[in-house]
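Everything below concerns the one structure shown next.
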Amino acid sequence: MPGPTDDRPAVLIVTEVDDPTADLVIAEVNRRGLCQVVRVDPGDFPHDVVLAGALNTATGQWRGELRTPSRLVDLAGVRAVYWRRPSPYKFPGLSKQDQDFAAVQAKEGFGGVLAGLDCRYVNHPHCNWVAEYKPGQLSAAVRLGFEVPATLITSDLAATRAFVQEHAPVVYKPLRLTDLLRNGRPLGLWTQRVEPDEIDETVAGTAHLFQAEVVDKVADLRITVVGDRVFCVRIESAARLLDWRADYDALSYKVMEPPARMVPKLQAYLKEFGLKFGCFDFAVDRHGTPHFLECNPNGQWAWMEPPTGLPMAAAFADALEGRL
């Protein structure tokens, strides 16, 4: 049964059970004591989480209660939502058709009410959804004046071969990471170089993203922006990794100021997508020029706080409390 009602404003952390990034934010908000923190995973609805949301037909706002095994929350008292990493809706025991129906209803109903509260979001799930599309990211980056490598998205074999011939060396990137298994083990599909003789008819199987490689790359920049806080870290590895995510143990980090005149562009990018937060990735060439690779609207950052000492969790707490 939920405990007694807490009169403090509520911060909802919408995420799965195992989420170290959310854990840091929860700990910081709890430490300050200004808001009650309610961790809720949509995947637990309706089995362990209950929602009763009533529409106020005078204001258009949603009112009612959200109950978890340990919390009872007045929806009117929710100050902010950190939309992190919710798990999928699950309905075991139903037929496949009924599972699909129930999951869609849960997403539209439970998820829709949580996305329709009169509060601040970091980030709003609808904005995250739009901002995750790489074609839109790259277009926005060009319009805002970032250096962006030549890019082709295609399923056409002839177009791919022509692009590789013109822009070699070329890399392949998945348009979005998904859970892949190989021989029963998780498979990391990182950015990889594509040789001309590797291009064959399998390109026609789906959409692919090919991009001109930043050939004289000397480092990467991971720039995490939370509100008006900008945390810039230079990432280096002795092996000059094509994709630094492939070997975290090989990385070294250096906190630095973002390149000149970049901050207004970063803020303009977030504003264009309606975001409060984003993780930007740039490849830096030997001339010091950063080349835009992507912006993850719900990127990872927790692993970087301990080695750099950057107060990113505090920035998230400030954003959720309305200080940014």
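So, of the residues in the range 229-248 that are over 17 Å from F292 (Cα atoms) and in a loop (DSSP other than H, G, I, E, B), which turns out to be modelled with the lowest pLDDT?
The extreme case among them is A239.
With the structure loaded, tell me whether S70 is over 23 Å from the mean Cα position of the chain (by Cα), outside the structural domain of P42 (by TED's automatic domain parsing) and not hydrophobic (A, V, I, L, M, F, W, C) or whether it fails that test.
In short, no.
In the range 258-271, which residues are of a type outside the set (F, W, Y) and at pLDDT 95 or above?
M262, V263, P264, K265, L266, Q267, A268, L270, K271
From the residues in the range 156-207 that are in a strand (DSSP E or B) and at pLDDT 85 or above, which one is nearest to G299 (Cα to Cα)? Explain how you work it out, then say what you get.
Residues of the range 156-207 in a strand (DSSP E or B): 170-173, 181-182, 185-186, 192-194.
Applying the additional criterion that residues be at pLDDT 85 or above yields 170-173, 192-194.
Numbers: V170: 25, V171: 22, Y172: 20, K173: 17, Q192: 20, R193: 23, V194: 26 Å.
Step by step, filter the range 156-207, then rank; the result is K173.
Among the numbered criteria (1) outside the structural domain of N56 (by TED's automatic domain parsing); (2) out of contact with any Leu (no Cβ under 6 Å at 6 or more places or on another chain), which single criterion is violated by T191?
(2)
Of the residues that make up the range 75-89, is at least one of a type in the set (S, T, N, Q) and farther than 17 Å from V17 by Cβ?
No, every residue in the range 75-89 fails to be of a type in the set (S, T, N, Q) and farther than 17 Å from V17 by Cβ.
Output the qualifying pairs, or none if there are none: Cβ atoms under 6 angstrom, residues six or more apart or on different chains, first residue in the range 4-33 and touching a residue at least 40 places away in the same chain (Cβ under 8 Å) and under 13 Å from F316 (Cα atoms), second residue part of a loop (DSSP other than H, G, I, E, B) and among the hydroxyl-bearing types (S, T, Y).
Qualifying pairs under 6 Å: A22/T15.
Out of (1) aliphatic (A, V, I, L, M); (2) within 23 Å of K134 (Cβ to Cβ); (3) touching a residue at least 24 places away in the same chain (Cβ under 8 Å); (4) in contact with a Ser or Thr (Cβ under 9 Å, 6 or more places away or on another chain), the odd one out for I235 is which?
(3)
Pull up the range 80-106, narrow it to residues that are outside any loop (DSSP other than H, G, I, E, B) and within 19 Å of the chain's Cα centre (by Cα), then point me to the one that is surrounded by the most Cβ atoms within 10 Å (Cβ to Cβ).
Among them, the one singled out is Y82.
Residues in the range 309-318: is at least one in a strand (DSSP E or B), among the acidic types (D, E) and more than 16 Å from the chain's Cα centre (by Cα)?
no
In the range 11-25, which residues are of a type in the set (A, V, I, L, M, F, W, C), surrounded by fewer than 20 Cβ atoms within 10 Å (Cβ to Cβ) and modelled with pLDDT of 95 or more?
Selection gives L24 alone.
Conditions: (1) hydrophobic (A, V, I, L, M, F, W, C); (2) surrounded by fewer than 20 Cβ atoms within 10 Å (Cβ to Cβ); (3) farther than 21 Å from P149 by Cβ. W301 meets all but one. Number of the miss?
(2)
For the range 238-278, what are the residues that are free of Cβ contacts under 8 Å to residues at least 40 places away in the same chain and of a type in the set (V, I, T)?
Result: V263, single match.
The values are calculated or read from the model by the stated rules, or taken from the named source; none is laboratory data. Treat the numbers as computed from the prediction; the structure is a model and nothing was measured. Cβ sites come from the backbone with ideal geometry, for glycine too, and all protein chains shown count toward neighbours.
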